[in-house]
Amino acid sequence: MKRAPLSLKAQALALLARREHSRAELRTKLLAHARKRAAHDAAEASGTPSADAGHNGWGSGWEGDPFGESATSAPPVAPAHRVEPDPDALAAEVDEVLDWLQAQRYQSDERFIESRLNSRAPRLGLSRIRQELSRHGVELDSETVRTLRQNEVQRAREVWRKRFGQPPADPRERARQMRFLAARGFSGEVVRQVLGGGDEASD
C-alpha cells in the first residue's frame, strides 16, 4: 500500500526546511500537493478491491466445481464513483495553512527576498533580479531598488572582472562582453561604464 501523502502543514514545513519560499511559490506547490492528497483519499474511500479479493468463493470455483461455474455467480462489483475535490475548498485549506505559517514566522516574503538578494545580487543586474522575484510573486521595495541602482556599476564591474578581467581587444570581443553583461540584467548604460573603464577595472 502506498504511504499517504504528508499533511499540508507537514509538506509546507518540509519545503521551508530546504530553503526560503515566497508565499505565492509555496501556495502553488501546496495546491498541487493538496490535489494529490485528495486523490489519494478518494481512492482509499472508494474501497477498490485488491487483486486477491476473489478468495473465499468469489471470483473462483469452489472445491468440487472443476468448471468454475460458481465464479460466474458472483455479482459484478460496480466501480466506485470518484468525487472530484472542490478547488475552492482546497484553496481555502491551503490559504489557512499559509496564514498559520506566516503568523508563526515559518514563512516570510521578506526573508525570501533577502535570501534571493544575497545569492543573486552579486551576479545579476537589477532587471534580472526583478524578473526572478516577479516569477515568485514578490517585488522589491523602493529603498532596495534605490540601493541596487546605486551599486549597479560596482556589481557589474565585479562580474566583468571575474569573467573577463581584461578590456576587449577588438569590437567583436567588446560586443561579446556587452552581451554577457546585458544577459545578466545590467543596463546598457551600466555596461558602457564598465567597458569604458576597463583599464581601471582590470587593475
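The values are calculated or read from the model by the stated rules, or taken from the named source; none is laboratory data. Quantities reported herein were computed from a predicted structural model and do not represent experimental measurements. Quick reminder, even Gly has a Cβ in these numbers, built from the backbone with ideal geometry, and neighbours come from all protein chains shown.
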Practice problem: Might you let me know whether the range 136-154 holds any residue that is touching a Leu at 6+ places or on another chain (Cβ under 7 Å), under 21 Å from THR28 (Cβ atoms) and in a helix (DSSP H, G or I)? | Solution: no
Practice problem: Within the range 130-183, track down each residue that is of a type in the set (Asp, Glu), within 32 Å of the chain's Cα centre (by Cα) and surrounded by fewer than 13 Cβ atoms within 10 Å (Cβ to Cβ). | Solution: ASP141, GLU143
Quiz item: Any idea which residue in the range 91-131 is farthest from ARG35 (Cα to Cα), counting only those that are among the hydroxyl-bearing types (Ser, Thr, Tyr) and in contact (Cβ under 8 Å) with a residue 60 or more places away in the chain?
Solution: SER127
Quiz item: Considering only residues of the range 97-109 that are under 17 Å from ARG18 (Cα atoms) and among the charged types (D, E, K, R), which is surrounded by the most Cβ atoms within 10 Å (Cβ to Cβ)?
Solution: ASP109
Practice problem: Look at the range 1-22 and say how many of its residues are of a type in the set (A, V, I, L, M, F, W, C), more than 16 Å from the chain's Cα centre (by Cα) and either modelled with pLDDT of 95 or more or under 20 Å from LEU133 (Cα atoms) (or both). | Solution: 1
Exercise. For LEU195, indicate whether it is in contact with a helix residue (DSSP H, G or I) (Cβ under 8 Å, 6 or more places away or on another chain), closer than 30 Å to ARG27 by Cα and not β-branched (Val, Ile, Thr).
Key: no
Exercise. Provide a single number: the residues in the range 4-22 that are closer than 17 Å to ALA92 by Cβ and either touching a helix residue (DSSP H, G or I) at 6+ places or on another chain (Cβ under 7 Å) or in a helix (DSSP H, G or I) (or both).
Key: 4
